[in-house]
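Quick notes on the structure that follows.
The values are calculated or read from the model by the stated rules, or taken from the named source; none is laboratory data. Note that the coordinates shown come from a computational prediction; the quantities given were computed from them, not determined experimentally. Quick reminder, even Gly has a Cβ in these numbers, built from the backbone with ideal geometry, and neighbours come from all protein chains shown.
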Amino acid sequence: MKKTVLLSIFLIFTAVSSMAVVNYGLESCVRYGTDVLITFSIDNKDDYDHYISFDWHDCIVLDAEGNEYMTSNGSYGTLKERSCNNSCKLIGIPEDCAPVGSNEIYDSTPVTVPAGVKVLVRVVASDVPETLKQFDIIQWRGKNSKGAYDDSPSVFCFNWNQAEYHSYLMIESK
């Protein structure tokens, strides 16, 4: 009986520890003029690469009055700054432009998150009044493929709300 219980526990532990583990997080919201840079993290604790994709409409940002703020496409990689017409320029120019990654993410061009690596993804919420000090809700959804040719990617959807994640929704000044 004891051997059966121990064997069952071992098999359950082995099955659980071999399951895919990708953690998603909200890292920060930082103001650059009327832009707010929202940084998410994707931490791949799996043994193989994952491919994450989403478009600008997959990120919803709301304040307490229900105002929704337009977001950019996601980006990652070497930080660059956006000029006023949204083209990328190297860091070191206007202070009121939020830095974005050198690579954009679309449904058709996912970001590869290598096994054992944490990647930061940046989205810019535009035209946020300088008087707004925190968001009420941030929702992020997208697709996670386990390989470049995965025909049935899993869908993720995460909500950060004021009641549970108050400090993460605060807008920090640069």
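Regarding ASN44, is this residue at negative phi and modelled with pLDDT of 90 or more? When the stated conditions are applied, ASN44 passes them.
Close contacts from region 61-86, counting a first residue that is more than 17 Å from ARG31 (Cα to Cα) and surrounded by fewer than 12 Cβ atoms within 10 Å (Cβ to Cβ) and a second that is at pLDDT 65 or above and not small (Gly, Ala, Ser), with Cβ to Cβ under 8 Å and a gap of 6+ residues or different chains, come to ALA64/ASP136; ALA64/GLN162.
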